[in-house]
Every structure is written in structure tokens, then in C-alpha cells.
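Structure record follows, encoded as C-alpha cells.
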């Protein structure tokens, strides 16, 4: 089993999510925020979810308040920001840190596996990590990279055995 599949986290609703359940799926992990200039990316992420979920794509949003205090609320505010305003039906987790000593272990792992321009740190909200069916991290995408621009890479990952 890959290291990725060893992680767990709680959903926004407080239910445990076991990443072992994502074996054989392509996962797009995104740190999100409800009050960011990039928040409209929820629409593109939702469209990817609607288009590719049946083919094995899992999108997981990880709300984070580490960048400009752009996710200050709790569960109800996050639900209002992404689930209601943008019709998000993909998985959203509890609010976490993605950098620093309190970083959730999944982001410590992803940052190390796929360092970015700033090295072993997440630069801003809506940094995206694509993980293959085998649990191996494939590619990291900058916050400004629009979800629709990931489509070719996602299709390729879905086609891999």
C-alpha cells in the first residue's frame, strides 16, 4: 500500500475519511478558502467532479485559514461558502493547516513528495496536488492554474492502469 493510502482525516461533517478507500482512484487534493480571489475555482473543481467522478476521479477540498485569513469561519460558514454558493458536492474536509508545525500529515507528505517553487511549502490557497491510482503523487499545480487546465493531465492519470 502506498503512503498516501495510509492517511485519514475527518470530513467537514466530522465523519472519518480513510484514504485507503481511494485505492484505484485518481485524487485531486486542493487547499481551499471561501473568501479568496481564487474561490470561484470551486465552480471548475465541481465541473471536473461531475465530469470525471464516474471514471474514478476523487476531488478533496481541504479548507485552510493560513493565507490572508480567507477561511476564518467554522463548519457552517465553510458549508455556506463552498457547498451552498458553489454547489460543491465533492468531499470537503475539516479545516486544517497545510504549512508549519501544525500542518496536517497529508499536506506534510504532499509538500515533500511534490515541492513547489517555494520548496517544501504551499504558496497560497487552491494549490492542487494530483495523486495517481497507485497513490503516487503525480503533479503539483499552482494556485492560479484553473481546474479546467488540469483536464488533460487528469484524463491521462485516469487512463493509467
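Just so it is clear, none of the values below were taken in a lab; they were calculated from the coordinates. Computed from a predicted structure; not experimentally measured. No Cβ is skipped: glycine too gets one built from the backbone with ideal geometry, and neighbour counts run over all protein chains shown.
Rounded, prolate or oblate, given the Cα gyration tensor of segment 117-161, with a/c below 1.5 counting as rounded? In terms of gyration-tensor shape, oblate.
When 2, 89 are arranged by Cβ crowding within 10 Å, least crowded first, meaning fewest neighbours, the order is 89, 2.
For segment 1-147, just say rounded, prolate or oblate: build the C-alpha gyration tensor, square-root its eigenvalues into a ≥ b ≥ c, call rounded for a/c under 1.5, and beyond that prolate if a/b exceeds b/c, oblate if not.
Working: a/c = 1.34, a/b = 1.13, b/c = 1.18.
Rounded, since a/c falls under 1.5.
Starting from the Cα gyration tensor of segment 67-156, take the square roots of the eigenvalues, sort them a ≥ b ≥ c, and report rounded, prolate or oblate (rounded when a/c is under 1.5, otherwise prolate if a/b is larger than b/c, else oblate). Judged from the Cα gyration tensor, segment 67-156 comes out oblate (a/c at least 1.5, b/c at or above a/b). Cut-off 10 angstrom, C-alpha nodes, Gaussian network model of the chain. Which of 93, 51, 39 fluctuates the most? For the chain, modelled as a Gaussian network with Cα springs under 10 Å, the answer is 51.
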